[in-house]
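What follows is a short report on a single structure.
The values are calculated or read from the model by the stated rules, or taken from the named source; none is laboratory data. If you're wondering where the values come from, they're calculated on a predicted model, not measured in any experiment. Note: ideal-geometry Cβ built from the backbone for every residue, glycine included; neighbour counts use all protein chains shown. To get the accessible areas, we keep the full protein, side chains included, count just its heavy atoms, and leave off ligands, DNA and RNA. Shrake-Rupley method; radii C 1.70, N 1.55, O 1.52, S 1.80 Å.
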Amino acid sequence: MKESDIGSATSTIILISGYGTNLQAILDQIINNQLPIKIISVLSDNPKAYGIERAKKSGIPTKIINYNSFTKKADFRQSIEDNIKKLDPNLIVLAGYMRILSTDFCHQFKGKILNIHPSLLPKFKGFNTYQRVLSSGDEFHGSTVHFVTAELDSGPLILQYRTRIITDENPNQLRKRVQLGEHQIYPIAIRWFAEGTLKMVEGETVLRGKRITKPEILEEI
Ligand code: GRF
């Protein structure tokens with residue numbers, strides 16, 4: 001059996017743009033039989049994304065749709081979305097994917113797209129969250145797994161990793177600490193989804209049968 005054959009319940013596509021440490025955390029859990037998903041494709045908009053190598057090493061099918069080879073953003077988006085639709089996954093996991101999905105696509109796959117964003121949403125949507133939180137004087141930072149809707153970084157929240165900011169740490173040091181937490185919370189949320197304990201219902205997160213208005217929180221130990 002190949003590693004990619006382990007877990008057949010939830011057919012999953014993972015979208016990446018970069019180094020792929022979150023992808024690796026997911027792969028590691030599949031290999032350890034702790035995540036009942038089958039990754040049917042890892043898609044990247046960036047031909048240099050190291051995550052593609054990680055997927056190949058695990059025997060996962062990969063596809064690169066190079067953002068820079070399109071003159072129109074809409075054509076790129078169409079191409080990547082057509083590729084996903086053809087594979088008809090049960091779950092789409094954005095793991096450091098730096099492009100935006102179309103509104104139509106978000107509607108079509110409503111409740112089936114997860115993202116991880118490096119802030120304690122709804123705080124610090126968008127880019128440069130580490131610099132922004134350090135300048136803000138906030139006491140805590142972290143990362144959030146949420147459902148994706150058409151509005152950027154605004155879908156229903158699921159699970160957060162939270163850590164206290166250390167005096168004088170720089171954005172890079174904070175990022176490294178938060179990413180270690182991401183590698184814990186993303187596989188947990190994906191497992192909940194795959195096991196059917198996590199759903200999006202009428203625009204809200206439903207966990208273990210109950211609507212939650214605030215995300216679950218995993219604190220740094
Ligand atoms: C993660 O830190 C995630 O929060 C953000 O993009 C980063 C991707 O890192 N969305 P990696 O490619 O998984 O290492």
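For the reader, a short list of remarks on this structure follows.
- Output for region 15-50, where each listed residue is more than 10 Å from the ligand (Cβ to nearest atom) and β-branched (Val, Ile, Thr): Ile30, Ile31, Ile37, Ile39, Ile40, Val42
- Filtered residues of region 176-198 (kept if of a type in the set (Phe, Trp, Tyr) and either more than 14 Å from Leu94 (Cα to Cα) or more than 16 Å from the ligand (Cβ to nearest atom) (or both)): Trp192, Phe193
- Test: residue in region 66-86 that is of a type in the set (D, E, K, R), under 22 Å from Arg191 (Cα atoms) and away from the ligand (no atom under 16 Å from the Cβ): no
- Residue match in region 99-107 (condition: out of contact with any helix residue (DSSP H, G or I) (no Cβ under 8 Å at 6 or more places or on another chain), in a loop (DSSP other than H, G, I, E, B) and open to solvent by 30 Å² or more (accessible area, probe 1.4 Å)): no
- Region 114-125 residues that are closer than 15 Å to Ile16 by Cβ, paired with ones that are away from the ligand (no atom under 12 Å from the Cβ) and at pLDDT below 95 (beta carbon under 9 Å, 6 or more apart): none
- Residues (charged (D, E, K, R) and not in a helix (DSSP H, G or I)) located in region 25-58: Lys38, Asp45, Lys48
- The residue list Lys73, Lys125, Lys48 contains one member that is surrounded by fewer than 18 Cβ atoms within 10 Å (Cβ to Cβ), within 30 Å of Ile217 (Cα to Cα) and basic (Lys, Arg), which is Lys125.
So that you can scan it fast, the table gives a plain yes or no per residue for (1) open to solvent by 70 Å² or more (accessible area, probe 1.4 Å); (2) in contact with a Phe, Trp or Tyr (Cβ under 8 Å, 6 or more places away or on another chain); (3) part of a helix (DSSP H, G or I); (4) under 22 Å from Lys199 (Cβ atoms):
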{"residue": "His146", "(1), (2), (3), (4)": "no, no, no, yes"}
{"residue": "Ala150", "(1), (2), (3), (4)": "no, no, no, yes"}
{"residue": "Gly155", "(1), (2), (3), (4)": "no, yes, no, yes"}
{"residue": "Thr163", "(1), (2), (3), (4)": "no, yes, no, no"}
{"residue": "Glu169", "(1), (2), (3), (4)": "no, no, no, no"}
{"residue": "Asn172", "(1), (2), (3), (4)": "yes, yes, yes, no"}
{"residue": "Arg177", "(1), (2), (3), (4)": "no, no, yes, no"}
{"residue": "Gly181", "(1), (2), (3), (4)": "no, yes, yes, no"}
